[in-house]
Amino acid sequence: MTSLLSENPNSYLIISVLIFSAGMFTVLTRKNILAIIMGIELMLNASALNFITFSFFRKSTLYSGHVFAILIIVLAAAEAVVALAILLAIFQQRKSVMTDDISDMKG
Amino acid sequence: MINLIYMFVFSLVYLLLLALTAGILTYVERRIAGRMQSRIGPNRVGIQGILQFIADLIKGVQKEDIIPADAYAFLFKIAPYLVFMGVFLTLVPIPFGAYTLMEDLDVGIYYVLAMASYVVIGLMIGGWASNNKWSLLGGMRSAAQKISYEIPAALGVFIVVIMSGSMNFQKIVAAQGASPVDWFVFRNPFTFIAFNLFFIASLAEGNRVPFDIPEAESELVSGYNTEYSGMRFLFFFLAEWGNLVVIGALVTCMFFGGGSFWYEWKISIPAPGRDPIVFEVLGFLWFLFKTFFFVFVIIWIRWTLPRLRIDQLMDICWKYMVPIGLISSLGIVIWMYFIPENSTIDRIVRLTLTSLGAITVLYFKYRVYKNLKITKATIYANPFV
Amino acid sequence: MITENDLQSRVEITPINGSEIEINMGPHHPSTHGVIRFILFLDGEIVVRAVADVGYLHRSIEKIAENLPYPMFMPYTDRVDYVAAINCNLGYALAVESLAGLEVPERATWLRMIGAELNRINSHLIAVGALAMDVGATTPFVHAIREREYILDLLEILTGTRMNNNYVRFGGVCQDVPEDFFKKTEKFLDHFVLFLGEFNRLLTTNKIFLERLINVGILTGDQALGFSFSGPNLRASGVGHDLRRIDPYCFYSDMEFSVPVGSGVKGTTGDSFDRFIVRIDEMLESVKILRQIMSKIKEGPIQSKIPRKIVLPAGESYHRSEAPRGELGFHIVSDGKSNMPYRIKIRTGSFAAMTSLSELFKGMMVADVVAYFASLDVVAPEVDR
Amino acid sequence: MKDAIFILVAVFAVGGALLTAASQSIINAALGLLLSLISIAALYIFQSADFVAISQILVYVGGVMVLLLFSIMLSSGSTDFFKNNPAMKVFPALLIVVVFAGLAIYALFSANLTFYPGQYGPSTREIGNLFLKDYILVFELVSVLIVVMLVGAGVMLRKELVRKAVASDGDSKDEKENKK
């Protein structure tokens, strides 16, 4: 292992943890659906970063990590599109993007 | 360390050169527009007004940088730089010659597409942060338009990538040749479609007429840059004209053989026994010539055509260009499977398409002269009147 | 001008929901041709409700008339419609002459007609040019302006000024023309017919231009009459109403010309394209009329003897004439004692055109709003007077 | 030098994420997310994953971020300030997050993973091969998912359907009121 931070896997993994935690905090404390979506995106990105890091440092000829990172990116995009479509449909109906106002299904 | 300093200096030179090119293009565009509109255009500053853009620059810098009271100041300030950055980052992998490029990226075209989509953010932020409804509409229109037209552009690129088997610009250029028969435009019908898709979509992504609805001055005042003044306004326009060069260079690289200019010589593989520097310079000039030809075509289109409405614009993208792109990207695969390169059919198709292109050009010339005859107008060939 | 209270009483105010924005088009907006204001309520790009707001260019010309002797009001009529000044002069002169029973020499009438028809061509050039510019094509506008320059040169020979001519006098015109004027006009007309063909080919064979105008802002004949349209806007809806034919003044009854009527050449009768093409045809008719005038005009006096103080008999009367923007009517009320009118009301085509906006804008897109408004050829000073 | 750039990028990545988590207005949060996403793409490049990095910029910055900004602009006017969920106050949330992060980092250092120095090289061809050989089923499923997503989003935002839903919702409310 070299002394360079950029060639040390632990530095990437710690960054990933920090980003994931930030995403988690966003999801936990926000009321705005948009902000929650942003938190989810952060968490997904952190996990994709993990995949790339393990792919690079475990055995660099193995590119499965890249494949999974791309899958995560694609799925996150699909998720964001559907989520935002739902959000806009709700907004046209309720004029609000807050989770509190969308509780009709609550028993 | 030395390497980094070299990179920094090189990119600085690149940036300055391209800013200069964009500046000169403003002058060129105004002169050409003047010609088309039977007037002269700027001809006061310097010889034939060539220094007009410097005068404009000085004026732009001197002007007060107005930030509307209710604008979101931080975003309002950074938006022009985001746009400018996005456009100039696209220049990184474009090969102006075998060695005249910043970085020979392995994912060259893909990178360019990514950077083009990055520009949208700047435009949207600029439109939103101005706190002006016209700007907001402009920003929205621009985002919708650019996202939609990325798909036909990507499909056009896709066909080229399949043909050349690489996303690297050098390899794409090397897959073509110097003569028109070897260019991707005339290679087979699907690449010709790809060229049209990519060129039209680039016009839309560059906000040029007939797709300039985000800054349509008769509808949205000036769209997303309504509230901008002084230097920030100029940055938007530097980006716009920089984008012209980018579009021209991309089309040249992908469909018109890049800087290859001699029969057996291909840009990234200089033939043995030839002086590389001479060929580099000649290739560079040939590349620039092609690039500026397309820049001229874009300017020509701008001063000829009216503007589309937004629903027509979306119809063109989603109802025509995307299906055509999808069908031809399927078609290119089938074509490549059944008709190997340099087979008889391949050569016949190439020759036919090339001669069709030549006939189109000749027919166009005939039409122009016919119209001139009907209207009894005199043509002034000298550009410096 | 609309205050907030007026607005509330004039528009059904439903609470603006999330996707609806209220937007101010004007008073200073590139496509309102002067200072006119629309208040648009947009749902995305589509207009839900609209209010047309007039009065920003009000100069109280009608009030000024009450304090001036009849001849001294003549220069103010130039300012009613500065694009077609002689037509306004002529309308006012005809109204006063018919009331006062003044004779006009033959040559003066011919000269008046020359001025009026040149001005009609002038005005229609601006109209079609501005329409092209508002749908995004800049070049045709500049070409139209170039041709207008020739007309202005001719008008300068005829009247001594390029705009705001103040040419017509009661019982004649202010000055005779030099002999080479007719030759120059003849030369211009030969050139102009060719130009119009070129201009028309440039626009009416352009797919984008057609798509922007066809089936946009359709007005049926009944609707147009209901909005009290007149002039080219009414004729485009299929009603062959031309005051030069129906209620002839000057020597128009001797002239051979056809009245172009919109027939929905490309789309529906009464759409914006019909309004465009009717104006183009009308310019050709004006050329015909001008040629006939020049073959018939003879030497003679240009001014009859008129009393030093013009006092109209008591009572009121309305006299109308065909101006480029529709019926131009002067309603003069006189008390029979003073040499000043008791009241003058000017009826203009543009004002009538403004009444249709709130109704027609509903359901249009912003780009259509601009195209429809430009096709009506509204000039702000004529709306407000 | 490489490390200096790395630290800069890392600070941007984490800082952007923190801005998203803590900022007062939704537009700042979106900007933080943008910064974080771009920096993560840069981190991919540090690990020789250029194709993934470009995909990240193309999809996230060019697609997801634009959609997010679109939604923010369309729904602006609604309150966009930092509000706590009733279910979760800031401090419990912070506690959970810190505990999670601590556990993860503890796990990282105690797991005793063996790493090899990474090798740099082009990845595009290998990714393509993997997608069309080993992961062909996943690839096709993702295509199906994207088609479903496109159709679904299109259907959901069709105006007449939304209006119908609004209308029927209004009816049901009226009925409820009548019952009361």
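The values are calculated or read from the model by the stated rules, or taken from the named source; none is laboratory data. Because the structure is a prediction, the values reported are computed rather than measured. Positions of Cβ are generated from backbone atoms using ideal geometry, with glycine treated the same way; all protein chains shown enter the neighbour counts. These area figures cover heavy atoms from the full protein model, side chains too; ligands, DNA and RNA do not enter into them. Shrake-Rupley method; radii C 1.70, N 1.55, O 1.52, S 1.80 Å.
How much accessible surface area, in Å² rounded to 10, belongs to the heavy atoms of C:Met255 with a 1.4 Å probe? Approximately 10 Å² for this residue. The residues of chain C expose on average 37 square angstrom of accessible surface per residue, using a 1.4 Å probe on protein heavy atoms. With the whole protein complex present, C:Thr355 retains an accessible surface near 70 Å², based on a 1.4 Å probe.
The residues C:Cys250, B:Cys317, sorted by heavy-atom accessible surface at 1.4 Å with ligands and nucleic acids left out, run C:Cys250, B:Cys317 from largest to smallest. Share of carbon and sulfur in the accessible area of segment C:37-119 stands at 58%, probe radius 1.4 Å. Can you give me the % of accessible surface on segment B:286-385 that is carbon or sulfur? Probe 1.4 Å, all protein chains present, nothing else counted. Carbon with sulfur: 75 percent of the solvent-accessible area.
In chain C, once you exclude exposed GluC sites (Glu not before Pro) (DSSP loop, at most 12 other Cβ within 10 angstrom), what's the longest stretch remaining? It would help to have the intermediate numbers written out before the result.
Working: sites that count: C:Glu12, C:Glu103, C:Glu179, C:Glu256, C:Glu299.
The segment C:13-102 is the longest one with no such site.
The listed residues D:Leu150, A:Leu49, once ranked by accessible area (1.4 Å probe) with the largest placed first, stand as D:Leu150, A:Leu49.
Let me check against my output: what whole-number percent is the relative contact order of segment B:1-62, with C-alpha pairs under 8 Å and at least 6 apart?
Once divided by the residue count of segment B:1-62, the mean separation gives 22 percent.
Surface composition of segment B:1-62: carbon and sulfur make up 75 percent of the accessible area, probe 1.4 Å. I want to make sure I understand the PRE zone here: with the label point 7 angstrom from the Cα of B:Arg39 toward its beta carbon, which residues in segment C:23-43 have backbone N atoms less than 20 Å away? Residues C:29-34 qualify, since their backbone N sits under 20 Å from the label point.
Which of the trypsin sites (Lys or Arg not before Pro) found in segment C:199-307 are loop residues per DSSP with 10 or fewer other Cβ atoms within 10 Å of their Cβ? Kindly include the intermediate steps, with their values, before the conclusion.
Working: sites: C:Arg201, C:Lys207, C:Arg212, C:Arg235, C:Arg244, C:Arg245, C:Lys266, C:Arg275, C:Arg279, C:Lys288, C:Arg291, C:Lys296, C:Lys298, C:Lys305; in loops: C:Lys266, C:Lys298, C:Lys305.
Those satisfying the criteria are C:Lys298, C:Lys305.
For the pair D and A, the buried accessible area comes to roughly 7500 Å² in total, with a 1.4 Å probe and the value rounded to the nearest 100.
Does segment B:203-252 come out rounded, prolate or oblate by the C-alpha gyration tensor, with a ≥ b ≥ c the root eigenvalues, rounded set by a/c under 1.5 and, if not, prolate when a/b is larger than b/c and oblate if not? All intermediate terms of the calculation are to be shown ahead of the outcome.
Details: a/c = 4.11, a/b = 1.41, b/c = 2.92.
Because a/c hits 1.5 or more and a/b fails to exceed b/c, segment B:203-252 counts as oblate.
If a/c stays under 1.5 just call it rounded; otherwise compare a/b with b/c (prolate if a/b is bigger, oblate if not). Do that for chain C, with a ≥ b ≥ c from the square roots of the Cα gyration tensor eigenvalues. Here chain C falls in the oblate category. Principal-axis analysis of the Cα atoms of chain C puts helix C:366-376 at an angle of about 20° to the longest axis. Each eigenvalue of the Cα gyration tensor of segment A:12-102, multiplied by 5 and square-rooted, gives one semi-axis; in descending order these are 32, 15, 5 Å. The angle between the Cα long axis of helix B:276-302 and the longest principal axis of the Cα atoms of chain B comes to about 60 degrees, rounded to the nearest 10.
Estimated at the nearest 10 Å², the accessible area of C:Val239 is 40 Å² with a 1.4 Å probe.
Averaged per residue, segment B:68-338 has 33 square angstrom of accessible surface, using a 1.4 angstrom probe with ligands and nucleic acids left out. Shown in residue order for segment D:98-108 are the 3J(HN,Hα) couplings computed by the Karplus curve 6.51 cos²θ - 1.76 cosθ + 1.60 at θ = phi - 60°: 5, 4, 4, 5, x, 4, 5, 5, 4, 4, 4 Hz (x for Gly and Pro).
How many Å³ per residue does the convex hull of the Cα positions in the protein assembly as shown occupy? Walk me through the numbers before you get to the answer.
On the way: hull volume 226.1 nm³, N = 1057.
Convex hull volume per residue, Cα atoms: 214 Å³.
Which of rounded, prolate, oblate describes segment B:1-103, given a ≥ b ≥ c as roots of the alpha-carbon gyration tensor eigenvalues and a/c under 1.5 marking rounded, otherwise prolate only if a/b is larger than b/c? Oblate. Counting only protein chain heavy atoms and rolling a 1.4 Å probe, the accessible areas of C:Arg148, B:Arg35 rank, largest first, as B:Arg35, C:Arg148.
Between helix C:272-296 and chain C there is an angle of about 10 degrees, using the helix long axis and the longest principal axis of the Cα atoms. Rg over Rh for chain B works out to 0.97, using Cα positions for both radii and the Kirkwood form for Rh. In segment D:90-105, the residues whose accessible area drops by at least 50 square angstrom when the other protein chains are added to the isolated chain are D:Val97, D:Phe100; the probe is 1.4 Å and only protein heavy atoms count.
Am I reading the D/B interface right? What is its buried accessible area, both sides, 1.4 Å probe, to the nearest 100 Å²? Result for this pair: about 2300 Å² buried. Given q = 0.16, 0.17, 0.19, 0.22 Å⁻¹, what are the Debye log10 I(q)/I(0) values for segment C:305-382, with equal point scatterers placed on the Cα positions and solvent ignored? Relative scattering, expressed as log10 I(q)/I(0), comes to -0.71, -0.76, -0.85, -0.99.
Could you state the accessible area per residue of segment B:1-62 in Å², with a 1.4 Å probe and every protein chain left in place? Before the final figure, lay out the partial values.
Working: 3910 Å² over 62 residues.
For segment B:1-62, the per-residue accessible area is 63 Å².
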